[in-house]
1. Which residue pairs have Cβ atoms under 8 Å apart, sit 6 or more places apart or on different chains, and have a first residue in the stretch 395-415 that is open to solvent by 60 Å² or more (accessible area, probe 1.4 Å) and a second that is within 13 Å of the ligand (Cβ to nearest atom)?
2. Starting from the stretch 165-186, take each residue that is free of Cβ contacts under 8 Å to residues at least 40 places away in the same chain and list its partners that are open to solvent by 10 Å² or more (accessible area, probe 1.4 Å), counting only C-beta distances under 7 angstrom and pairs at least six apart or across chains.
3. Of the residues Val278, Val322, which single one is of a type in the set (A, V, I, L, M, F, W, C) and modelled with pLDDT under 90?
4. Can you confirm whether Gly23 is in contact (Cβ under 8 Å) with a residue 40 or more places away in the chain, within 25 Å of Gly146 (Cβ to Cβ) and not β-branched (Val, Ile, Thr)?
5. For the stretch 471-493, name all the residues that are open to solvent by less than 90 Å² (accessible area, probe 1.4 Å) and either within 16 Å of the ligand (Cβ to nearest atom) or at pLDDT below 95 (or both).
6. Against the conditions (1) assigned to a helix (DSSP H, G or I); (2) surrounded by fewer than 16 Cβ atoms within 10 Å (Cβ to Cβ); (3) in contact with a Phe, Trp or Tyr (Cβ under 7 Å, 6 or more places away or on another chain), where does Leu428 fall short? Just the number, please.
7. If you scan the stretch 494-517, which residues turn out to be more than 14 Å from the ligand (Cβ to nearest atom) and either aliphatic (A, V, I, L, M) or in a loop (DSSP other than H, G, I, E, B) (or both)?
Amino acid sequence: RILILDFGSQYTQLIARRIREIGVYCEIRAFDIDEADIDAFSPSGFILAGGPESVTETDSPRAPQKVFESGVPVLGICYGMQTMAEQMGGKVEGSPVHEFGYAQIKLEAASALTLDIADHIDTSDGKTLLDVWMSHGDKVIQLPEGFEILASTPSCPIAAMQCEAKKFYGVQFHPEVTHTLQGQRIFEHFVLKLCGCDALWTPANIVEDAIEKVRAQVGEQKVLLGLSGGVDSSVVAALLHKAIGAQLTCVFVDNGLLRKNEGDQVMDMFAKNMGVKVIRADAEDAFLNKLAGEADPEKKRKIIGNMFIDIFDQEATKLKDVNFLAQGTIYPDVIESAASKTGKAHVIKSHHNVGGLPDDMAMDLVEPLRELFKDEVRRIGLELGLPYDMVYRHPFPGPGLGVRILGEVKREYADILREADAIFLEELHRADWYHKTSQAFAVFLPVKSVGVVGDARRYEYVIALRAVETIDFMTARWAHLPYELLETVSNRIINEIKQVSRVAYDVSSKPPATIEWE
Ligand code: XMP
């Protein structure tokens with residue numbers, strides 16, 4: 001296993017995903033990790049990641065000295081390379097010119113890290129060139145003792161360095177981004193050959209391992225899970241069902257703000273097909289009554305969130321002797337929450353799965369996905385036999401249609417929106433566009449617009465369609481859906497839903513717009 005030390009770069013998670021993709025387990029920890037925690041983790045190698053600060057400042061972060069004394073290989077990336085150079089006696093210099101983007105590095109020495117890797121050959125000297133992604137201001141200007149130059153560029157003579165005797169490597173470029181064409185092979189060389197890790201982190205092993213851990217934690221006791229039908233809680237349900245069978249009870253809250261047939265689908269899938277014990281709490285009236293008259297987006301969110309906890313609590317207290325609460329917390333939630341505590345991360349976000357539980361819940365947590373990235377959760381979902389459509393569905397916000405009905409939520413509006421949304425999704429699937437978009441849905445606008453249908457004038461509501469492409473949901477581009485597809489969807493919605501007279505397509509990107517309309 002590999003220990004990745006984080007210095008605050010946005011790319012750190014990407015490094016971890018790349019290592020896991022190779023089939024090797026790794027974890028991200030803050031750069032100021034205790035030596036005892038390093039010992040407990042017992043890494044086969046370290047990766048020092050990038051960061052926004054400058055090692056030329058005296059109070060900027062450093063790697064624990066232990067990293068360089070453990071006798072295992074170390075790979076420093078960008079800031080990680082600079083701090084390695086500085087801590088081992090080399091020199092780093094700030095530079096007013098920030099190098100950002102594509103670059104070509106020339107390999108200056110043979111290296112186990114770049115063995116048999118080439119993108120181009122420089123015909124003038126026969127040396128190997130690699131296409132890489134750079135993003136840095138500072139650079140190493142003097143090697144530490146025992147190091148040699150591994151690669152250079154015209155503007156950065158020490159673009160990579162190595163001390164093969166100790167298996168210490170530093171690269172100024174970013175192997176974790178796909179623009180570095182051979183980045184993944186560089187990581188493979190590092191973790192498999194140099195650190196000697198085996199590629200055992202496979203979906204089947206992850207499932208087996210998780211099942212063992214859950215059984216050891218839970219024993220004969222009972223576990224409760226809030227099942228939303230989303231990917232994470234669905235995978236937890238399937239996993240726990242396999243691990244502890246009838247000791248698991250799920251509560252599915254139908255809040256009246258779900259998509260068309262969603263409640264029935266969840267019940268069919270888990271209760272009927274898999275034999276999971278699922279209690280369906282029909283709370284549509286309760287939610288809609290609480291929401292009546294409220295048009296403010298933030299207040300609506302709060303009402304829905306609080307109601308959800310109330311209903312869940314009511315169902316939970318009806319059950320006897322439940323000792324554990326299971327949650328679909330995944331690794332990015334854990335990293336983000338941890339990072340926001342140390343104050344070193346530049347993304348600060350509190351996640352409702354971590355630390356937001358009511359204090360009076362006398363249950364221990366079972367979080368079997370706590371160490372997994374979303375793509376790993378999906379892969380083990382398939383491994384557990386969940387259908388592809390469920391595992392690769394678009395994300396759906398907790399407040400559901402509540403944030404897609406602008407202003408006050410009414411049952412009538414929710415019913416119209418459900419129909420329109422179902423038509424949009426059906427046509428996206430039919431045209432093979434669903435999986436090319438990251439998220440797509442309909443939005444209900446409570447304004448009336450004039451139209452003619454047949455010979456009759458129609459004065460009815462407006463539906464907006466939203467489809468975006470994004471990697472991380474922090475930024476997004478509106479999806480360039482084919483006009484023919486939009487035409488079909490629009491025609492169907494207006495023809496099939498008599499309360500709609502007009503359909504609009506949202507062509508706003510994020511930022512400045514958000515993905516949801518509220
Ligand atoms: P925005 O609208 O902020 O959405 O661009 C980014 C992503 O987050 C989802 N989203 C939510 N998910 N509770 C959730 O569980 C919420 O209150 C919430 N608001 C937005 C949104 O669907 C998109 O995927």
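1. Cβ pairs passing all conditions: Gly398/Ser228; Gly398/Ile304; Gly398/Gly305; Gly398/Phe308; Gly398/His352.
2. Close Cβ pairs (under 7 Å, with a partner that is open to solvent by 10 Å² or more (accessible area, probe 1.4 Å)) amount to Ala165/Gly146.
3. Working: Val278 fails: modelled with pLDDT under 90.
Of Val278, Val322, the one residue that is of a type in the set (A, V, I, L, M, F, W, C) and modelled with pLDDT under 90 is Val322.
4. On the way: in contact (Cβ under 8 Å) with a residue 40 or more places away in the chain: yes; within 25 Å of Gly146 (Cβ to Cβ): no; not β-branched (Val, Ile, Thr): yes.
No: the conditions fail for Gly23.
5. Residues satisfying the conditions are Asp472, Phe473, Thr475, Ala476, Trp478, Ala479.
6. (2)
7. First pass over the stretch 494-517, keeping only residues more than 14 Å from the ligand (Cβ to nearest atom): 494-505, 507.
Correct list: Ile494, Ile497, Lys498, Gln499, Val500, Val503, Ala504, Val507.
Each row is one residue, and each column tells you yes or no for (1) at positive phi; (2) not assigned by TED's automatic domain parsing to the domain that holds Gly51.
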site: Leu143; (1), (2): no, no
site: Gly146; (1), (2): yes, no
site: Gly170; (1), (2): no, no
site: Leu181; (1), (2): no, no
site: Lys213; (1), (2): no, yes
site: Glu220; (1), (2): no, yes
site: Ser234; (1), (2): no, yes
site: Ala237; (1), (2): no, yes
site: His241; (1), (2): no, yes
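The values are calculated or read from the model by the stated rules, or taken from the named source; none is laboratory data. Quantities reported herein were computed from a predicted structural model and do not represent experimental measurements. Note that each Cβ is placed from the backbone with ideal geometry, even for glycine, and that neighbours are counted across all protein chains shown. Protein only, heavy atoms only, side chains kept; ligands, DNA and RNA dropped before computing areas. Shrake-Rupley method; radii C 1.70, N 1.55, O 1.52, S 1.80 Å.
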